[in-house]
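Enquirer: Here's a structure for you.
The numbers here are math on the coordinates, done by the rules we state, and not lab data. Keep in mind that what you see is a predicted model, and the values were worked out from it rather than measured. Ideal geometry is used to build each Cβ from the backbone, glycine not excepted, and the neighbour counts take in all protein chains shown.
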Amino acid sequence: MKPILIIAALPLETVLLENALAQPVRHSTIGFAYLEGVLGNRRVVICAGGIGKINAGAATAVMIERHQPQLVINTGCAGAYIDSGLSIGDLVVASEEVLADEGVIVEEGWQDLRYMSLPILESGGRPCFNTIPLSRQASEKAMQLADYHGFFLMRGRFATVSTCSGTVQRGQELSRHWNVIAENMEGAAVAQICRRYGRDCLEIRGISNLVEERNLEKWEIKRAVEAPQRFILKYLEEMDRPEAALPLETTPEL
């Protein structure tokens, strides 16, 4: 059976998952260290590839080439936009990823990749500019699982940025322009590589902070990174169960 690949930026975002592995073996290849082991009946590969889109994209490509996973799970923390209704510690799953600051600044202001006529890839015969879809089936299963076990999980569009939003004004500009609920630095890169390789991608994150005037004293990173790891453990545990074991009702999608 093909493995599950779990990609994050930092080791802190995978430590609970790594500790849960049976028969763990650590490897290193082409600049990326990773851990391979077993969770339940499934082989799992875990890689903390580093911060930002370049690290995330490169690590995902290397791991897919080497292991040919059936599913890629991207995890970590994220900042929630003020109008999203989210709170610190909440779980979120991506329906789409948006390259929120890729484009050009012209006299009229910032414009996206569609304005430039520069798609980043084609998906289903259609050009993708700044928006990349993720696996609907994988996210739906996550929503069903959350509903079944009483977890709060919100599904919506995520923004991936190179420059993090450190003010309420900037956060509101992005959230309103793209209709996004949360912000991170890697998700779109992982989703884009998965699309190119034809792999399903599930992105689960925990909210570490609200996107407001930057104040690290208000952030709760440990809480934010532990929540999605615990959820992923439950998700992997439930993957072998029949679909009928989970109800059809889901929590809200934005």
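Enquirer: Taking only Cα atoms, what is the 0 to 90° angle, nearest 10, from helix 136-149's long axis to the longest principal axis of the chain?
Expert: 70 degrees
Enquirer: When a/c is below 1.5 the answer is rounded, else prolate if a/b is larger than b/c, else oblate, so apply that to segment 4-245 with a ≥ b ≥ c taken from the square roots of the Cα gyration tensor eigenvalues.
Expert: prolate
Enquirer: Given +1 on the Cβ of Lys and Arg, -1 on the Cβ of Asp and Glu, and no further charges, what dipole in debye does the chain carry about its Cα centre, rounded to the nearest 20?
Expert: So the magnitude is around 720 debye.
Enquirer: Within the chain, which cysteines find no other Cys whose Cβ is under 4.7 angstrom from their own?
Expert: Lone cysteines by the Cβ rule: C47, C77, C128, C164.
Enquirer: Ok, one more. Per-residue counts of other Cβ atoms within 10 Å, averaged by peptide: what ranking do you get for 191-204, 11-24, highest first?
Expert: Answer by packing, highest mean first, reads 191-204, 11-24.
Enquirer: Still on this structure: Rounded, prolate or oblate for segment 1-123? Axes are the square roots of the Cα gyration tensor eigenvalues, ordered a ≥ b ≥ c, and the cut-off for rounded is a/c under 1.5.
Expert: prolate
Enquirer: Is it possible to state the helix-based mean residue ellipticity at 222 nm for the chain, with each DSSP H run of 4+ residues giving -39500 (n - 2.57), the sum divided by total residues, to the nearest 500 deg cm²/dmol? What is it?
Expert: Counting only the DSSP helices, I get -9500 deg cm²/dmol.
Enquirer: Okay, moving on. Please find the FRET efficiency linking K234 to E107, where r is the Cβ-Cβ separation and R0 is fixed at 51 Å, and quote it to the nearest 0.05.
Expert: 0.50
Enquirer: Also, I was wondering about something else. Where does helix 168-178 land angle-wise versus the long Cα axis of the chain, in degrees 0 to 90, nearest 10?
Expert: 80 degrees
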